[in-house]
Amino acid sequence: MRGNARSTASLGSVAGTIAERTERGKAARKASPRTTHAGFTPAADRRDPVEVLESQAATRVPELVPIRYGRMVSSPFAFFRGAAAVMAMDLATVASTGLAAQLCGDAHLVNFGVYNAPDRRLVFDLNDFDETLPGPWEWDLKRLVASMVVAGRDNGYDEAAGVEVARDTVRSYRTAMASFALMTNLEVWYARREVDEAVSELRSRATAQRVKQVERNISKFAARDNLHAFSRLTVLVDGEPRFASEPPLVVPIDQLAGSQGAGWVRGEAHRIMGEYRATLDDDRRRLVAQYEYADLARKVVGVGSVGTRAWIALLLGRDQHDPLILQFKEAQPSVLEPYLGASEYSEPGQRVVSGQRLMQAASDSFLGWYRGIGLDGDEHSFYVRQLRDGKGSVDIASLDPTAMRMYGGLCAWTLARGHARSGDRIAISAYLGASRTFDDSLVAFAHDYADQNERDHAALRAAISSGRVVAQEGI
């Protein structure tokens, strides 16, 4: 079954007996054999990857787009991180299982990480949902496994090490899904990977030096809270806390819009906060209502997201020592929608929030959305979350092949859990089976796609060299 992804765009029913759902997975295997996922050959009419990136730039902040190109061209892995739209185009041309789940949409290995759950326990989970949409579950897995190979090449792994990393990642997803298929619905819903649990497992598999390094990183993550962000990002201006200016990465609103524009934003903030609060549960709504708007700044974030409108808002509670810093990030249509159909949500911000809540075991207490008028006079959809709350990610460049295999397994378990919450985990597990057939197929796909990614990265570098696109590197 090739090019048939659109029919799986919505989340279908998981009704039926265990036997019926198992048969559904086996029937999908007959319609689209597991071996058809092996390898990748670009379509004969494949669109120029630079053209895909240029089309995305049309809706972004013009002066920030060169930073995006500069970050993406720094390495093949950096290009891969920013090229979710390119890979979505390619995935739409390959075999489809016909089994749907809620997709992250950009499940590369850096989009997993640590953060504080509402109960203040550090958990490991997916943490980026800009592209989330229902679709074929294997699209997420293919992007994850390909990212492992691309990152491994950037780290200097040899071919054999890259194969083992990729194979272990797929195997971990397959075995995790088999475990979820045996669980009750509530057991799946409550399943999560806490950092303390992951570290305990690591002690039996890694060197003491590696464990100490991980524990040091976790301590740093735990310290990254609102007070930490407040101390790093703000200064006192006439006795009042305001965002410090660090252009082009952090630019306060009064520098972007002038005093008159900043005054308009301050007046608009009351309306925006009211609209945002309406998307929260009653208890969180009451909490946010106790804070007052103090300042706003534009902040450049990520790689693929650069150029979308991203803001940080400073709110103050009982006094200047009670800050809350929220991130307002523009949500545009998912890069998957041209191939899977439009989202059921008219607001892209709601699409992001709903997908995140469905896939994560525990989501940010302040997660919400709103629609507002930007400085350009146009309306834009945004989703809202805390800027920092114990958030942190693994330094991929520091991982040797053994550590990368363990990290890949953790990401794969997490992705399988996210898919099991929304898709038919019994059918997906039946499709995967107990053999290495699907594992080997995806290893071949990931290596072929890593080759394609290198060609696409070279195309971007050539476009920069020729002057077709302008890049600001090193920012």
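Could you pull the Cα extents of the chain along its three principal axes, largest to smallest, in whole Å?
Here the spans come out as 68, 54, 48 Å, largest first.
As I understand it, the dipole of the range 30-70 uses +1 on the Cβ of Lys and Arg and -1 on the Cβ of Asp and Glu, about the Cα centre. Which of Leu64, Ala31, Val50 lies farthest toward its positive end?
Of Leu64, Ala31, Val50, it is Ala31.
Ignoring ligands, DNA and RNA, what percent of the 1.4 Å accessible area of the range 403-475 is carbon and sulfur?
Summing carbon and sulfur atoms, their accessible area is 50 percent of the total for the range 403-475.
Relative contact order for the chain using alpha-carbon pairs under 8 Å, separation at least 6, rounded to a whole percent?
32
Where does each of 60-71, 75-86, 249-260, 141-152 land if you order them by average Cβ count within 10 Å, highest first?
So the order, starting with the most tightly packed, is 141-152, 75-86, 60-71, 249-260.
What order, most packed first, do the peptides 371-378, 389-396, 94-101, 266-273 have when packing is the mean number of other Cβ atoms within 10 Å of each residue?
In decreasing order of mean packing, 371-378, 389-396, 94-101, 266-273 become 94-101, 389-396, 266-273, 371-378.
Order of 311-324, 409-422, 291-304, 18-31 by packing, highest average Cβ count within 10 Å first?
Ranking, from highest mean packing down: 409-422, 291-304, 311-324, 18-31.
For the chain: lysine pairs with Cα atoms under 24 Å, gap of 8 or more or different chains, count?
9
Could you state the angle between the C-alpha long axis of helix 253-277 and the longest principal axis of the C-alpha atoms of the chain, as a value from 0 to 90 degrees rounded to the nearest 10?
Computed tilt is about 60 degrees.
On the accessible surface of the range 217-284, probed at 1.4 Å, how many percent belong to carbon and sulfur atoms?
Here it works out to 51 percent.
Enter the angle in degrees (range 0 to 90, nearest 10) between the Cα long axis of helix 159-182 and the first principal axis of the Cα atoms of the chain, meaning the one along which they spread out most.
Tilt of helix 159-182: around 90 degrees.
So how much accessible area does Thr35 have, in Å² to the nearest 10, using a 1.4 Å probe?
Its heavy atoms expose roughly 90 Å² to the probe.
How far, in nm, would the chain grow between Gln255 and Lys212 when pulled straight, counting 0.36 nm per residue and subtracting the alpha carbon separation?
11.1 nm
Just the accessible area per residue of the chain, please: how many Å² with a 1.4 Å probe?
Per-residue accessible area for the chain comes out at 41 Å².
Explain nothing, just the number: dipole magnitude of the chain about its Cα centre with +1 on each Lys and Arg Cβ and -1 on each Asp and Glu Cβ, in debye rounded to the nearest 20.
960
Pop out the carbon and sulfur fraction of the accessible area of the range 321-378 as a percent, whole number, probe 1.4 Å.
48
Could you tell me the calculated FRET efficiency between Glu20 and Glu197, based on Cβ-Cβ distance and R0 = 25 angstrom, to the nearest 0.05?
Using R0 = 25 Å, I get an efficiency of 0.15.
Rg and Dmax of the range 253-321, Cα atoms, in Å?
So, for the range 253-321, Rg and Dmax equal 13.7, 37 Å respectively.
Using only Cα atoms, locate the centre of the range 170-203 and the centre of the range 418-475, then give the distance between them in Å, rounded to an integer.
24
The values are calculated or read from the model by the stated rules, or taken from the named source; none is laboratory data. Every value quoted in this text rests on a predicted model; they were computed, and no experiment measured them. Positions of Cβ are backbone-derived with ideal geometry, glycine not excepted, and every protein chain shown enters the neighbour counts. The protein model used for the area step is the full one, side chains on, heavy atoms only, and it has no ligands, DNA or RNA in it. Shrake-Rupley method; radii C 1.70, N 1.55, O 1.52, S 1.80 Å.
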